[in-house]
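Only one structure is covered here, and it is reproduced in the block below.
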Amino acid sequence: MGKRPDRRESFVVRLYVADREATAVRAIANLEALCREFLPSGCELEIIDILREPQRGLDDSIMVTPTLIKLAPPPVRRIFGDLSNRGRLLDALGLTGLELATTAIRSNQLRAGEPL
């Protein structure tokens, strides 16, 4: 069984989109929100518009947009769509369980009267 990623490990992801289509805008917003919430040490995010850089899409065999490729930490994963299903996205990125941990931390902060 592979090593579970640590939230402090650097995540490197590449998101392929086609211009500013609605699914691309949602995918970017969903990914940025997830990175802020679950990857406190940051996420190296590269967004590639295949209409402006078609060769990059060909080089990575992109057949549909949006496509997210998680490059690090291993294993490499491909995720398709607008990234709106948070549970499935966390699972695909190897971050399953962090949603519960984050919720528990927030609950404890609320009980202690601390700001979020």
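Restricting attention to segment 24-52, the residues that are more than 14 Å from the chain's Cα centre (by Cα) and either within 19 Å of ARG77 (Cα to Cα) or crowded, with 16+ Cβ neighbours inside 10 Å (or both) total 3. Is it the case that segment 49-64 has a residue that's within 15 Å of PHE11 (Cβ to Cβ) and either out of contact with any His (no Cβ under 8 Å at 6 or more places or on another chain) or charged (D, E, K, R) (or both)? No, that holds for no residue. In the set (1) farther than 18 Å from ASN30 by Cα; (2) in contact with a Lys or Arg (Cβ under 6 Å, 6 or more places away or on another chain), the condition left unmet by ALA72 is number (2). Among residues of segment 15-35 that are farther than 20 Å from MET63 by Cα, those with a beta-carbon under 9 Å from a residue that is among the aromatic types (Phe, Trp, Tyr) at least six positions away or on a different chain give the pairs CYS35/PHE11.
Here, each number is a calculation from the coordinates, and none is a lab measurement. Predicted, not measured: the structure shown is a model, and the values here were computed from it. Neighbour counts run over all protein chains shown; Cβ positions are idealised from the backbone, glycine included.
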